[in-house]
Amino acid sequence: MLKKIFYSALGVGLLAIIVLGVLLAWPMYTLDPDQTIELMTIEGPAEARAHTGYKSRDDRLLPLRLYPAENSDIALILLHGVSGHGDYLHDLALNLSNRSAAVVFVPDLRGHGDSPERRGDIDYVEQLEDDLADLVAHVRKQMPQARIIVGGHSGGGGLAIRYAGGEQAEDVEGYMLLAPFLGVNAPTVKEDFGGWVHVHAPRLIALNLMNTVGIRFLDSLHVMHFNLPEKYRTDRSTTSYSWRMAQGYFPLYPEDLAAIDMPLLVVVGKNDDIFIADEYAPVVAEHASQGEVVIVPGNHFDLLLSDSPALETYVSWLNGF
């Protein structure tokens, strides 16, 4: 009887290993050259490159851009979206600092930018939150009396929301989110993210199952791919994310959004390519009572342009903070 049970268990175990192996080895996604989302180049001028840095708790010097502002006691940490780096936020950060709306800090998130240790990967799921907490502490040392706001565009807005739902956000006094990713299950997300994101579902399922039983040695495998057209790709592009990066970048919906019990500005373009603009107001009203949603003309990246009406919205909100 015991032998029968043993062989049955062995058979089930072998079958599980085979199934997991098939899922992990499932063919990877091929980028679609005809993807039609209206993107913008993220390669800014030389002055847009990270020119300083801050120390993380694992003693790494992480890339950072600083945009000073006269007569402002507001420090705005502005986070870039998925696959990118801080260059594409340069014009927005410069405009906000030139108008004394805020002193702006723009990092390259770990796994992104010029020369990350491992592109598209982190060491553990919570590491981006820890890095952000270390950046907040760095800002506090630089500006002891500042009111610190965490902002972000797209996936960067999602990371800001995830941070708000964690245990390290006590030194933050507000959030400014530009077309933020609210979470996988949020009604604001278009199907397949408008064709921009492809999830390697078989591998994701396998790694999720493995992590439920504490098996994490394959968490560096990439499960999320970004349909970045060839004309936008450079050696600084991050076109895919590991399992742990994908898990650690994005918020849990709706609980992380509901954790924001302080001033919150959400701005989205009416013709956003990835998210559904009209869904933001009811979602924010339900889960973040102090939130304000503003819909402006334009698409996902128009929110960052110097001639966008969104700029006046940011400046007015920051001046009244």
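The values are calculated or read from the model by the stated rules, or taken from the named source; none is laboratory data. A quick note: this is a predicted structure, and the numbers were derived from the prediction, not measured. Note: ideal-geometry Cβ built from the backbone for every residue, glycine included; neighbour counts use all protein chains shown.
Here is a list: I149, I122, I161, I74. Which entry is more than 24 Å from G183 (Cβ to Cβ), among the aliphatic types (A, V, I, L, M), in contact with a strand residue (DSSP E or B) (Cβ under 9 Å, 6 or more places away or on another chain) and surrounded by 19 or more Cβ atoms within 10 Å (Cβ to Cβ)? So the residue among I149, I122, I161, I74 that is more than 24 Å from G183 (Cβ to Cβ), among the aliphatic types (A, V, I, L, M), in contact with a strand residue (DSSP E or B) (Cβ under 9 Å, 6 or more places away or on another chain) and surrounded by 19 or more Cβ atoms within 10 Å (Cβ to Cβ) is I74. Does any residue of the range 8-15 turn out to be among the hydroxyl-bearing types (S, T, Y), modelled with pLDDT of 95 or more, out of contact with any Lys or Arg (no Cβ under 8 Å at 6 or more places or on another chain) and not in a loop (DSSP other than H, G, I, E, B)? No, the range 8-15 contains no residue that is among the hydroxyl-bearing types (S, T, Y), modelled with pLDDT of 95 or more, out of contact with any Lys or Arg (no Cβ under 8 Å at 6 or more places or on another chain) and not in a loop (DSSP other than H, G, I, E, B). Within the option set R203, R244, being among the charged types (D, E, K, R) and at pLDDT below 95 holds for one residue only, R203.
If you go through the range 263-297 and pick out every residue that is over 19 Å from V150 (Cβ atoms), at pLDDT 95 or above, surrounded by fewer than 21 Cβ atoms within 10 Å (Cβ to Cβ) and in contact with a helix residue (DSSP H, G or I) (Cβ under 7 Å, 6 or more places away or on another chain), you end up with 3. Whether any residue in the range 206-225 is small (G, A, S), in contact (Cβ under 8 Å) with a residue 12 or more places away in the chain and farther than 15 Å from G111 by Cα is what I want to check. There is at least one residue in the range 206-225 that is small (G, A, S), in contact (Cβ under 8 Å) with a residue 12 or more places away in the chain and farther than 15 Å from G111 by Cα. Scanning the range 213-223 turns up one or more residues that are among the β-branched types (V, I, T) and under 17 Å from the mean Cα position of the chain (by Cα). Just checking, does the range 84-91 include any residue being closer than 27 Å to V223 by Cβ, out of contact with any strand residue (DSSP E or B) (no Cβ under 8 Å at 6 or more places or on another chain) and of a type in the set (D, E, K, R)? Scanning the range 84-91 turns up at least one residue that is closer than 27 Å to V223 by Cβ, out of contact with any strand residue (DSSP E or B) (no Cβ under 8 Å at 6 or more places or on another chain) and of a type in the set (D, E, K, R). Annotation note: Cβ proximity below 7 Å between a residue of the range 64-76 that is among the hydrophobic types (A, V, I, L, M, F, W, C) and a residue that is surrounded by fewer than 20 Cβ atoms within 10 Å (Cβ to Cβ) and not in a strand (DSSP E or B) (sequence gap 6+ or interchain) occurs for L64/A50; A69/S97; A69/S100; I74/A146; I74/F321; A75/M143; A75/A146.
Among the residues of the range 301-321, those that are touching a residue at least 40 places away in the same chain (Cβ under 8 Å), surrounded by fewer than 17 Cβ atoms within 10 Å (Cβ to Cβ) and of a type in the set (S, T, N, Q) comprise S306, N319.
Of G174, G183, G166, G155, all but one fail to be within 14 Å of the chain's Cα centre (by Cα) and surrounded by fewer than 23 Cβ atoms within 10 Å (Cβ to Cβ); the exception is G183.
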